[in-house]
1. Against the conditions (1) at pLDDT 95 or above; (2) under 30 Å from Asp217 (Cβ atoms), where does Leu136 fall short? Just the number, please.
2. Considering only the range 149-180, state which residues are of a type in the set (Val, Ile, Thr) and farther than 14 Å from Pro222 by Cα.
3. Could you grab the pairs with beta carbons closer than 9 Å, sequence gap of 6+ or different chains, first residue in the range 85-109 and in contact (Cβ under 8 Å) with a residue 24 or more places away in the chain, second one part of a helix (DSSP H, G or I) and among the aromatic types (Phe, Trp, Tyr)?
4. Over 29 Å from Asn46 (Cβ atoms), modelled with pLDDT of 95 or more and surrounded by fewer than 12 Cβ atoms within 10 Å (Cβ to Cβ): does that describe Lys245?
5. Which of the residues belonging to the range 43-68 are crowded, with 20+ Cβ neighbours inside 10 Å and farther than 16 Å from Phe172 by Cα?
6. Would it be correct to say that Gly198 is touching a residue at least 40 places away in the same chain (Cβ under 8 Å), of a type outside the set (Ser, Thr, Tyr) and within 21 Å of Thr279 (Cβ to Cβ)?
7. Which residues, taken from the range 266-301, are outside any helix (DSSP H, G or I) and touching a helix residue (DSSP H, G or I) at 6+ places or on another chain (Cβ under 7 Å)?
8. So in the range 125-159, with the set limited to residues that are touching a Gly at 6+ places or on another chain (Cβ under 6 Å) and touching a residue at least 60 places away in the same chain (Cβ under 8 Å), which one is nearest to Ala209 (Cα to Cα)?
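The values are calculated or read from the model by the stated rules, or taken from the named source; none is laboratory data. As the structure is a prediction and not an experimental result, all values here were calculated from the model. All Cβ positions, even for glycine, are placed from backbone atoms using ideal geometry, and neighbour counts span all protein chains on display.
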Amino acid sequence: MRSKFSGLILSLLALPLLAQQDLSKVQIKTTKVAGSVYMLEGAGGNIGVSVGEDGIILIDDQYAPLAPKIEAALRAVSDKPVKYVLNTHWHGDHTGGNESFGKQAPIIAHTNVRKRLALGRKEPGAETPPAPAAALPVITFDDRLMIHINGEDVRAVHYPHGHTDGDIVIFFTRSNVVHMGDHFFNGRFPFIDLGSGGSARGLIRNVDAVIAAVPADVKVIPGHGALASLSDLKSYSAMLKDTVKIVEAQMKKGRTPAQMKSDKVLAKYEALSWQFINTDSFIDTIHRSLSAESKVKKSGK
């Protein structure tokens with residue numbers, strides 16, 4: 001029998017299929033963020049764009065059918081070609097356009113992104129087929145990478161075991177913009193992909209590391225949600241810490257996830273619920289993450 005958590009994973013990974021039902025109606029919204037950086041919103045993860053005389057850097061590329069609309073949005077802000085595509089992580093709502101944009105420019109990502117795209121997901125009840133070779137990153141790295149383009153030092157840094165095990169955060173140092181990828185869901189509960197190496201505590205650790213590394217007036221592009229500020233990111237971090245603290249305290253009392261849901265222990269965060277993740281499913285995620293962490297500690301690994 002498929003677990004509820006596997007069902008959640010399946011629903012989330014089916015987002016591309018759900019979106020394709022009416023992608024013809026999707027409009028790409030372009031927002032000037034700061035300096036040479038723009039944010040594109042459509043369906044799926046927010047896209048970051050850096051433009052200048054040297055060309056365009058594209059951060060994520062949503063779903064394959066949206067590629068022509070994304071290209072039209074890019075032409076509206078620059079007549080230069082796409083020079084590089086960066087994937088913040090492997091999920092299809094951020095990499096679905098890889099096959100199209102990979103024909104125009106090299107795709108860059110963390111090593112684990114290429115591995116997961118190439119293998120797909122084989123978890124029972126939540127399977128994703130391997131990506132075609134043309135959609136795979138051709139340049140991979142393990143820790144950090146710098147691209148010097150358009151007078152900007154674009155820094156890509158791997159933050160391990162947060163949203164997944166292959167997430168990178170992109171710092172546009174001159175423009176004072178940071179693209180968080182799915183380390184940051186603005187205004188809603190995040191999806192922590194435990195099956196892809198994600199971790200609730202790891203997510204907190206990574207978000208706090210970014211907070212410590214950026215100036216107070218930085219502009220923050222979330223993986224999902226509206227353009228944000230450092231204050232928004234700090235509020236998000238506080239929510240993550242508090243929800244983990246609440247669930248952990250309940251676990252120490254011997255309470256099960258079902259009992260926590262019945263007691264509505266995360267009721268004060270109900271406003272952060274959305275179509276695929278509500279207070280109940282977020283309790284499940286945190287419980288599973290903390291339980292896995294406890295098992296690792298007990299095993300001494």
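1. Going through (1) at pLDDT 95 or above; (2) under 30 Å from Asp217 (Cβ atoms) one by one, Leu136 breaks only (2).
2. Applying the first criterion (of a type in the set (Val, Ile, Thr)) to the range 149-180 yields 149, 154, 157, 164, 168-170, 173, 177-178.
Ile149, Val154, Val157, Thr164, Thr173, listed by residue number.
3. If the second residue must be part of a helix (DSSP H, G or I) and among the aromatic types (Phe, Trp, Tyr), the pairs left are Val85/Phe101; Ile107/Phe101.
4. no
5. Ala43, Gly44, Gly45, Asp61, Gln62, Tyr63, Leu66 - these are the residues of the range 43-68 that are crowded, with 20+ Cβ neighbours inside 10 Å and farther than 16 Å from Phe172 by Cα.
6. On the way: touching a residue at least 40 places away in the same chain (Cβ under 8 Å): yes; of a type outside the set (Ser, Thr, Tyr): yes; within 21 Å of Thr279 (Cβ to Cβ): yes.
Considered against the rule, which asks whether it is touching a residue at least 40 places away in the same chain (Cβ under 8 Å), of a type outside the set (Ser, Thr, Tyr) and within 21 Å of Thr279 (Cβ to Cβ), Gly198 comes out as yes.
7. As a first pass, look at the range 266-301 and keep what is outside any helix (DSSP H, G or I): 266, 273-278, 300-301.
Scanning the range 266-301 gives Leu266, Ser273, Phe276.
8. Asn150
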